[in-house]
Amino acid sequence: MDHQTQEVANHPTLGHVISGRERDLGSFSVHRVLPYMMHRMVGPFIFFDHMGPAVLPAGQRMTVRPHPHINLATVTYLFEGVIRHQDSLGSDQLIEPGAINWMMAGRGIVHSERTPESLRGQSVAMNGIQLWVALPEEFEESEPTFVHHPKHTLPSFEKDGVPVRLLLGKAFGHESPVKVHSDMFYADISLKAGQKFVLPSEGREIAVYIVEGSVTVEGMVFDPYSMAIAKPGCDLTVAACQENARIMVLGGQTLGKRHIFWNFVSSSKERIEEAKALWSDGPRATSRRFSPIPGDDKEFIPLPHEEPVKGTIM
């Protein structure tokens, strides 16, 4: 238990603090925040990875081979860099900074993420966040979809003098154009040194993640790759310290118990077991869940025998 976890134990407003656990992916590292043993979800958000920041030298690239998902939605948001997204629906989209990409796996989807070939001969920055959102049970087995929302389509405004870009859901009197399926919000906020921002609970689980700079959350100092989660019903006051800072705020209504194994999230253990069996031989044109990606069907990530992200999540 680190010192911040100890300090927050008796805090009147903060419920948990999570320090991102660094994981080396070869060409760059990620800091994994959710799921966390002591607090598995924030509202419907069940997975939170901060990719980078890193610079991939010329000749290296990000290569995430085709892999499957069920019963969740993935969200990719970049601060720097570019990723080519391809999926089994036939989507082929460049993901660039400031855009939101919402992929609803539903009953099943396969996708890959790579540095575009056009950038292979030059160094490429990589810095962004990938989320998974659990779906309400009535949408878990829906048809898969992929929607790209360019930066200019997302609401940008000021709240108490602080610039806010709303990425998902409803918050601060605004609504994102991204179609979501439960009560949630996700926003990108920039703070000048000494500037304050109040994140209201409004009956939802809420959290603040520090992307860059140091901030105080309810009087406690947090550095990058940390997430502060409020106690139920409590608002959070955030202030940048002696330098400018960037934070992500997120939250929403809880959805109930979810099971997780590798890339599979579901309210049904049986559905996860079925997905594991179907992926044992990779994507197949005849599979009812996992079709091949057009133009990217020569390889895939095999099902792991053991996976550290597994279990039941409340």
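Here is a yes/no grid of residues against (1) in a strand (DSSP E or B); (2) aliphatic (A, V, I, L, M); (3) in contact with a Cys (Cβ under 7 Å, 6 or more places away or on another chain):
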site: Leu131; (1), (2), (3): yes, yes, no
site: His148; (1), (2), (3): yes, no, no
site: Ser201; (1), (2), (3): no, no, yes
site: Ile206; (1), (2), (3): yes, yes, no
site: Val211; (1), (2), (3): yes, yes, no
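In the set (1) modelled with pLDDT under 95; (2) assigned to a strand (DSSP E or B); (3) of a type in the set (Val, Ile, Thr), Val249 fails one condition alone, (1). Could you grab me the full set of residues in the range 11-25 that are surrounded by fewer than 21 Cβ atoms within 10 Å (Cβ to Cβ) and not in a loop (DSSP other than H, G, I, E, B)? Scanning the range 11-25 gives Gly15, His16, Ser19, Arg21, Glu22, Arg23, Asp24.
Any residue in the range 145-156 that is of a type in the set (Lys, Arg) and out of contact with any Lys or Arg (no Cβ under 7 Å at 6 or more places or on another chain)? Looking through the range 145-156, at least one residue is of a type in the set (Lys, Arg) and out of contact with any Lys or Arg (no Cβ under 7 Å at 6 or more places or on another chain). Quick check: is even one residue across the range 72-85 more than 21 Å from Gly20 (Cβ to Cβ), touching a residue at least 40 places away in the same chain (Cβ under 8 Å) and either among the β-branched types (Val, Ile, Thr) or surrounded by 23 or more Cβ atoms within 10 Å (Cβ to Cβ) (or both)? Yes: one or more hits. Considering the range 90-111 alone, what residues qualify as being assigned to a strand (DSSP E or B) and surrounded by fewer than 22 Cβ atoms within 10 Å (Cβ to Cβ)? Answer for the range 90-111, where residues must be assigned to a strand (DSSP E or B) and surrounded by fewer than 22 Cβ atoms within 10 Å (Cβ to Cβ): Asp92, Gln93, Leu94, Ile95, Trp102. Within the range 26-71, the set of residues being surrounded by fewer than 17 Cβ atoms within 10 Å (Cβ to Cβ), free of Cβ contacts under 8 Å to residues at least 24 places away in the same chain and under 20 Å from Met126 (Cα atoms) comprises just one member, Gly26.
The number of residues in the range 52-89 that are assigned to a strand (DSSP E or B), modelled with pLDDT of 95 or more and of a type in the set (A, V, I, L, M) comes to 6. Taking the criterion of being free of Cβ contacts under 8 Å to residues at least 60 places away in the same chain and surrounded by fewer than 16 Cβ atoms within 10 Å (Cβ to Cβ), the residues of the range 179-200 that qualify are Lys192, Ala193, Gly194, Lys196, Val198, Pro200.
The values are calculated or read from the model by the stated rules, or taken from the named source; none is laboratory data. These numbers come from a predicted model, not from an experiment. With ideal geometry, Cβ positions are generated from the backbone for all residues, glycine too; neighbour counts draw on all protein chains shown.
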